[in-house]
Amino acid sequence: MTTYAIDNTHSSVSFSVRHMMFAKVRGRFGSFTTELSLDANDLSKSSVKATIDAASIDTGVADRDNHLRSADFFDVEKFPTLTFASTGVTKSKDGYTLNGDLTIHGVTKPVSLELEALGGGKDPWGNDRQLFSAKTSISRSDFGLTWNQALEAGGVLVSDKIEIEVEIQAVGKAG
């Protein structure tokens, strides 16, 4: 088992949500930390813990980002972080399934992410790099994020379903 650090400059935590039921709004979290214990030969023995700074949300629109930080959504004053702690990794038909507990807005729910191990190797400085891609969708109302606005033509302003994508470059110690 090897402990890896996340190369935040080459990693991302992003999301998308439907706006007015048809347009997609995309965003990301700019600040996160991760603890990764990796067994490259048997991913089922690996584990990950991640902490995301809720205030680091960035959709490219300052007013929208401030609204998302407010009590209507993430309430970053009361709930400054989102966390994920893995509970297991299993082989699946198309790769792996990463199971864990996701905490948003003070509510913890189990989630499963489709995990793809993209391989790895030595970088020019002798560090072992491993690359992963993961995705899932969640219901924001499951986490108490229920603010919305009805549309005159029917439907709502913000969909309940959130798509989450994670791209990770993990760096082991040189040696």
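The values are calculated or read from the model by the stated rules, or taken from the named source; none is laboratory data. Bear in mind the structure is a predicted one, so any value in this text is a computation, not a measurement. Glycine also receives a Cβ, built like all others from the backbone with ideal geometry; neighbour counts cover every protein chain displayed.
How about segment 76-129: which of its residues are of a type in the set (Asp, Glu) and either more than 29 Å from Ile57 (Cα to Cα) or in contact with a Cys (Cβ under 9 Å, 6 or more places away or on another chain) (or both)?
First, the residues of segment 76-129 that are of a type in the set (Asp, Glu): 77, 94, 101, 114, 116, 123, 128.
Selection gives Asp94, Asp123, Asp128.
Scanning for something within 17 Å of Glu35 (Cα to Cα), among the aromatic types (Phe, Trp, Tyr) and touching a strand residue (DSSP E or B) at 6+ places or on another chain (Cβ under 6 Å), does segment 90-109 turn up at least one residue? No, segment 90-109 has no match at all.
Could you tell me whether any residue of segment 34-41 is at pLDDT 95 or above, crowded, with 17+ Cβ neighbours inside 10 Å and in a strand (DSSP E or B)?
Initial filter on segment 34-41 (at pLDDT 95 or above): none.
Among the residues of segment 34-41, not one is at pLDDT 95 or above, crowded, with 17+ Cβ neighbours inside 10 Å and in a strand (DSSP E or B), which makes the answer no.
When the strands (runs of 3 or more DSSP E) confined to segment 58-175 are screened for residues that are of a type in the set (Ser, Thr, Tyr) and under 26 Å from His10 (Cβ atoms), those reaching at least 2 such residues are found at 81-92, 95-104, 128-139.
A single member of Ser16, Ser11, Ser31 is free of Cβ contacts under 8 Å to residues at least 60 places away in the same chain, on the phi < 0 side of the Ramachandran plot and surrounded by 13 or more Cβ atoms within 10 Å (Cβ to Cβ), and it is Ser31. Does any residue of segment 74-85 turn out to be of a type in the set (Val, Ile, Thr), in contact with a strand residue (DSSP E or B) (Cβ under 8 Å, 6 or more places away or on another chain) and surrounded by 13 or more Cβ atoms within 10 Å (Cβ to Cβ)? Among the residues of segment 74-85, at least one is of a type in the set (Val, Ile, Thr), in contact with a strand residue (DSSP E or B) (Cβ under 8 Å, 6 or more places away or on another chain) and surrounded by 13 or more Cβ atoms within 10 Å (Cβ to Cβ), which makes the answer yes.
Results for (1) basic (Lys, Arg); (2) under 11 Å from the mean Cα position of the chain (by Cα), shown as yes or no for each residue.
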position	(1), (2)
Asn8	no, no
Ser14	no, yes
Arg18	yes, no
Phe22	no, no
Val25	no, no
Arg28	yes, yes
Glu35	no, no
Asn41	no, no
Ser47	no, no
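The condition of being closer than 26 Å to Leu118 by Cα, in contact (Cβ under 8 Å) with a residue 24 or more places away in the chain and part of a strand (DSSP E or B) does not hold for Ser44.
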